[in-house]
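Just below is one structure, and these are the notes that go with it.
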Amino acid sequence: FVGKRVHEILERLYQFVGREQLPSLRRVLERYHAEFDEHYDSDRIRIVRSELDVAYYRELGVRCLSDFYRDRYPFDQDETLGLEYHVQIDLGGDGRHRVQGFIDRVSRTPDGTIEIQDYKTGKWVPSRKQLDVDRQLALYQLGLMTDFGAEQPMRLVWLYLARGRTLTSTRTPEQLEHLRRDTIVLIDQVEAT
């Protein structure tokens, strides 16, 4: 629930930045609280951890947004190319092995690198080894190669908002080809069962 609200607020923030209308942090947090109040329903959303309450989760979103805002302000480090960017990947080229997803944010850094950014609001941060074999963002890279070209430098970026950490990884053409083949096999296995 909190992750969805934070994602929506960050998407909205970058929409404003794209129109050169940078809202204040106070305004961003006001919008977050309004979204939280509008969508939180104690009859539909159950807090599993008994030691935590709704105030804890509300504050988690505030902390994620506040830290992100302060870290990125004035939001001029890169160029936003897409928000909730819909990507489709035809792994086999024949339409039989298609994958799609939505990238939180696609940006271009000053050196021309395309970044595939994924926001995370949970506390768990994976190891470097786990990130270097993560499938999701690498599949997105395969899709973006169609849009931006196979030679375009790309970087996978995970923003762990609750921890204030940004982790990155890259994939070689060989790793991407291996991922493509492995995913085709996995899709075939799922369909066979």
Can you find a residue in the range 103-125 that is within 15 Å of Trp158 (Cα to Cα), open to solvent by 40 Å² or more (accessible area, probe 1.4 Å), without any contact (Cβ under 8 Å) to a residue 12 or more places away in the chain and not polar (S, T, N, Q)?
yes
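Please enumerate the residues belonging to the range 10-25 that are of a type outside the set (D, E, K, R) and free of Cβ contacts under 8 Å to residues at least 12 places away in the same chain.
Taking the range 10-25 first, the residues of a type outside the set (D, E, K, R) are 10, 13-18, 21-25.
Selection gives Phe16, Gln21, Pro23, Ser24.
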Which residues, taken from the range 48-68, are loosely packed, with under 11 Cβ neighbours inside 10 Å and assigned to a helix (DSSP H, G or I)?
Ala55
When the residues of the range 1-30 are filtered to those that are of a type in the set (Gly, Ala, Ser) and assigned to a helix (DSSP H, G or I), which remaining residue is least open to solvent (accessible area, probe 1.4 Å)?
Gly3
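Condition (residue is touching a Leu at 6+ places or on another chain (Cβ under 7 Å) and open to solvent by 30 Å² or more (accessible area, probe 1.4 Å)) applied to the range 71-78: is it met by at least one residue? Give the steps one after another, and end with the answer.
Step one: of the range 71-78, the residues touching a Leu at 6+ places or on another chain (Cβ under 7 Å) are 74-75.
Next, from what is left, pick out any that are open to solvent by 30 Å² or more (accessible area, probe 1.4 Å): 74.
Within the range 71-78, one or more residues are touching a Leu at 6+ places or on another chain (Cβ under 7 Å) and open to solvent by 30 Å² or more (accessible area, probe 1.4 Å).
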Within the range 31-44, which residues are more than 20 Å from Ser66 (Cα to Cα), over 23 Å from the mean Cα position of the chain (by Cα) and either touching a residue at least 60 places away in the same chain (Cβ under 8 Å) or open to solvent by less than 100 Å² (accessible area, probe 1.4 Å) (or both)?
Asp41, Ser42
Take the conditions touching a residue at least 24 places away in the same chain (Cβ under 8 Å), over 29 Å from Glu59 (Cβ atoms), open to solvent by less than 70 Å² (accessible area, probe 1.4 Å) and in contact with a Lys or Arg (Cβ under 6 Å, 6 or more places away or on another chain) and apply them to Ala162. Does it pass?
no
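Can we say Val157 is among the hydrophobic types (A, V, I, L, M, F, W, C) and assigned to a strand (DSSP E or B)? Break it down stepwise before answering.
On the way: among the hydrophobic types (A, V, I, L, M, F, W, C): yes; assigned to a strand (DSSP E or B): yes.
Answer is yes for this residue.
Go through His97, His86 for me and flag whichever is loosely packed, with under 12 Cβ neighbours inside 10 Å, in contact (Cβ under 8 Å) with a residue 12 or more places away in the chain and within 30 Å of Ile187 (Cα to Cα).
Working: His97 fails: loosely packed, with under 12 Cβ neighbours inside 10 Å.
Going through His97, His86 in turn, the sole match is His86.
The values are calculated or read from the model by the stated rules, or taken from the named source; none is laboratory data. This one's a predicted model, so the numbers in the text were calculated from it and none came from an experiment. In this analysis, Cβ positions are derived from the backbone assuming ideal geometry, glycine residues included, and neighbour counts consider all displayed protein chains. Accessible surface areas use protein heavy atoms only, side chains included; no ligands, DNA or RNA. Shrake-Rupley method; radii C 1.70, N 1.55, O 1.52, S 1.80 Å.
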